[in-house]
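Enquirer: Before anything else, here's the structure in question.
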Amino acid sequence: MKSSENSNECFEILISNYEDIILARQKVKSFMQKTGFSVLAQTRIVTAVSELARNIVVHAGQGKMSAYQITKKRNRPGLKCVFKDQGPGISNIDEAMKEGFSTSNSLGLGLSGARKLCNEFHIESAEKKGTTISIVEWL
Amino acid sequence: MGEVTILNIGNNIIVPVQTELHDEDARQLQTDILKKIENTGAKGLLIDVSAVSIIDSFLGRLLVETSKMARLMGTETVLVGMKKEVVLTLIQLGLQMKNLHTALNIEDGLALLEKMITGPSLSRRKDEKFRK
Ligand SMILES: Nc1ncnc2c1ncn2[C@@H]1O[C@H](COP(=O)(O)OP(=O)(O)OP(=O)(O)O)[C@@H](O)[C@H]1O
Ligand SMILES: [Mg+2]
């Protein structure tokens, strides 16, 4: 966390099945509605949440999403969502981030798409240790 | 998560998706739609997603696949009611919805289906007239 940001944890959701993906989407959506994000921002971020939560279910089996209300200088509010799992991890992050790359014979749009849909995207992963991805959207 | 109603009206099947579908619901819906096509021999399939707030890569791909499968069964598909935010997000995500016909609302969608279903035979008729 950058020193210029303050953060407040709002909620945490354990993610292990398809219904948890919907729950994560709904909670993020209602948080963004309350905070005053535009419908377009809500749609973009909830779509990114859906992709990243599904990656946990499909590729790691289980993990969690933590959501934080953050503020920048001059009190600009933002939302940060952290997706953390202790699954197999990603050996080559550059490759995994490429549009069209998939180890599960899928479209390979999840990671590359999620990055394009939010203001900030950060990924850390180590083989056999797990993956942590954070996304940020500023109001 | 609720069941999705599948309506059969005239030659068409109409599917108003009213809830957010999780992945298994969406797969089940695809199966149910194909069964309904098989049972009714419907010529047109209209899927209304105006109540759906997001379409991610999974649902997007499933919709495209459903329309391809329907076509193999002799049924044309039109997707209606995509919100503009959903369209913008799909484009940004990089999902190609090629070959999937879309319309603004149910009314336009039904008109498009009608054209798609009767279109080729009409032009054939025109050809015949032309030959005479
Ligand atoms: N949480 C994760 N744990 C382990 N590997 C992951 C994780 N998330 C993504 N990956 C790896 O990165 C690849 C790319 O992910 P991405 O979401 O872009 O594509 P996908 O999930 O394979 O397909 P799509 O999301 O389009 O259905 C995956 O195939 C997988 O190998
Ligand atoms: Mg994915």
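The values are calculated or read from the model by the stated rules, or taken from the named source; none is laboratory data. Computed from a prediction, not measured in an experiment: that's the story for all the values here. Don't worry about glycine lacking a Cβ; one is built from the backbone with ideal geometry, like all the others, and counts go over all protein chains shown.
Enquirer: For the stretch B:7-51, how many residues meet the condition of being within 15 Å of B:Met69 (Cβ to Cβ) and among the aliphatic types (A, V, I, L, M)?
Expert: 10
Enquirer: Among the numbered criteria (1) modelled with pLDDT under 95; (2) in contact with a Pro (Cβ under 9 Å, 6 or more places away or on another chain), which single criterion is violated by A:His59?
Expert: A:His59 satisfies every listed condition except (1).
Enquirer: What tally of residues in the stretch A:113-132 results from selecting those that are near ligand 1 (Cβ under 10 Å from one of its atoms), buried (at least 20 other Cβ atoms within 10 Å of the Cβ) and within 12 Å of chain B (Cβ to nearest Cβ)?
Expert: 2
Enquirer: So which pairs qualify, if the first residue must be in the stretch A:53-64 and within 13 Å of A:Gly130 (Cα to Cα), the second must be within 6 Å of ligand 1 (Cβ to nearest atom) and assigned to a helix (DSSP H, G or I), the Cβ gap must be under 6 Å, and the two must be at least 6 apart or on different chains?
Expert: Between residues of the stretch A:53-64 that are within 13 Å of A:Gly130 (Cα to Cα) and residues that are within 6 Å of ligand 1 (Cβ to nearest atom) and assigned to a helix (DSSP H, G or I), the close pairs are A:Asn55/A:Gly110; A:Gly63/A:Ile56.
Enquirer: Looking at the stretch B:42-51 only, could you name the residues that are touching a Gly at 6+ places or on another chain (Cβ under 8 Å) and over 24 Å from B:Leu90 (Cα atoms)?
Expert: Of everything in the stretch B:42-51, just one residue is touching a Gly at 6+ places or on another chain (Cβ under 8 Å) and over 24 Å from B:Leu90 (Cα atoms), namely B:Lys43.
Enquirer: Right, next: Restricting attention to the stretch A:86-139, which residues are part of a helix (DSSP H, G or I) and farther than 29 Å from A:Ser7 by Cβ?
Expert: Passing the criteria: only A:Glu95.
Enquirer: Within the stretch B:62-111, how many residues are on the phi > 0 side of the Ramachandran plot, within 14 Å of another protein chain (Cβ to nearest Cβ) and surrounded by 18 or more Cβ atoms within 10 Å (Cβ to Cβ)?
Expert: Result for the stretch B:62-111: 0.
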